[in-house]
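The values are calculated or read from the model by the stated rules, or taken from the named source; none is laboratory data. No experiment lies behind these values; they were computed from the predicted model shown. We place every Cβ from the backbone using ideal geometry, glycine too, and count neighbours over all the protein chains shown. Note: accessible area is taken over every heavy atom of the protein model, side chains too, but ligands, DNA and RNA are not part of it. Shrake-Rupley method; radii C 1.70, N 1.55, O 1.52, S 1.80 Å.
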Amino acid sequence: MKTWPNPFITQRADPFILHCGQDYYFTASVPEYDGLEIRHANTLEGLREAKPVTVWHKPDSGPLSQLIWAPEMHRVDDRWVFYFAAAPSRDYVDGLFQHRMYALLCEDADPLKGRWHSCHQIITPLDTFSLDATYCQHQGRDWLLWAQKNPAVPGNSCLYLAELSNPWTIKGQPLLLSCPEYAWEKAGASVNEAPSTLIHNNRLFVAYSAGATDERYCMGLLWIDIDADPLQRNNWIKLANPVFSSSGENKQFGPGHCCFTVDERGRDVLIYHTRNHTGMKGDALIDPSRHTRLKYFNWRADGMPDFGLPPAENHTHKP
């Protein structure tokens, strides 16, 4: 029976896996936060041993010169698009980094060997701290979800959704999809971030992360009927409790910043990061001990995903 090594890839936070045809591509925040790298394999497990290829490195100065966070590579309109966040400096302003979101393009067939260029800032109505952009296609349209500071809302970030007119241009007025409101979303820091989409049967799900980035970090879930207008907030249902949280018994802490894929047999896989300890030396945001992990998950009879608990280190997880 197929099993996943745990951890799957060490020192890689904010993991993202793209399944495109017969290919799997992996990217994540690198410990130095200084560039964008890709691993490629023909199997999901092959990503673990694949050699990382750096396709872009930050400049020494300017608006993209610091703290390259949460990259995701997508295939949009026959182009490869890297979404990521970057800051002009490490200085804090009002307790927040000054990140903005960017889209980097590649028109060549092979994203590891092709030329990455035309880096566009994603302009939003609010010129504030923003990050964790992710792309999905739904109802025949292209969509962007992301996290952003809203000065009118207490806390660090809320979730937004907007249609795209091209990979880097928002179309129309974004929807304020979710704000931190429950105690677990405000534990240590009031945060909704790292959205990721999942379609199953007649629902579109958005998983997201909440709380401080230590052991209080956890995952929440929103969902909408597949045919409902996603720009109408009343059409969305938000669960009142987290769906994936720390496990003291398994010594896995702060699960979050997830994405979803399927293995070669079409079985659903959750990709996420955790630490195997509590307590940080310095800033939890830059502690390199967050590792990428994979976990099979199931579906309940009511149509909702069941993520269970993060498995223990070296645990053999069987589908």
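Key figures for this structure:
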{"read-out": "Region 100-127 - residue that is modelled with pLDDT of 95 or more and among the hydroxyl-bearing types (Ser, Thr, Tyr) and, of those, nearest to residue 163 (Cα to Cα)", "value": "124"}
{"read-out": "Pairs where the first residue, in region 287-311, is over 21 Å from residue 266 (Cα atoms) and among the basic types (Lys, Arg) and the second is assigned to a strand (DSSP E or B) and open to solvent by less than 10 Å² (accessible area, probe 1.4 Å), C-beta under 8 Å, 6+ apart", "value": "290/13; 290/254; 290/273; 290/274; 290/275"}
{"read-out": "Of residues in region 96-125 being farther than 16 Å from residue 76 by Cβ and buried (at least 16 other Cβ atoms within 10 Å of the Cβ), the one farthest from the chain's Cα centre (by Cα)", "value": "112"}
{"read-out": "First in region 12-26 and farther than 13 Å from residue 294 by Cα and assigned to a strand (DSSP E or B), second anywhere and open to solvent by 20 Å² or more (accessible area, probe 1.4 Å) and aliphatic (A, V, I, L, M), Cβ under 7 Å, 6 or more apart", "value": "19/262; 25/18"}
{"read-out": "Some residue of region 190-210 being without any contact (Cβ under 8 Å) to a residue 60 or more places away in the chain, part of a loop (DSSP other than H, G, I, E, B) and open to solvent by 10 Å² or more (accessible area, probe 1.4 Å)", "value": "yes"}
{"read-out": "Tally of residues being within 22 Å of residue 17 (Cα to Cα) and part of a loop (DSSP other than H, G, I, E, B) across region 247-260", "value": "0"}
{"read-out": "Any hit, region 38-52, residues being within 20 Å of the chain's Cα centre (by Cα), closer than 30 Å to residue 155 by Cα and in contact (Cβ under 8 Å) with a residue 40 or more places away in the chain", "value": "no"}
{"read-out": "Subset tally (residues that are among the β-branched types (Val, Ile, Thr), open to solvent by 30 Å² or more (accessible area, probe 1.4 Å) and part of a strand (DSSP E or B)) for region 27-54", "value": "2"}
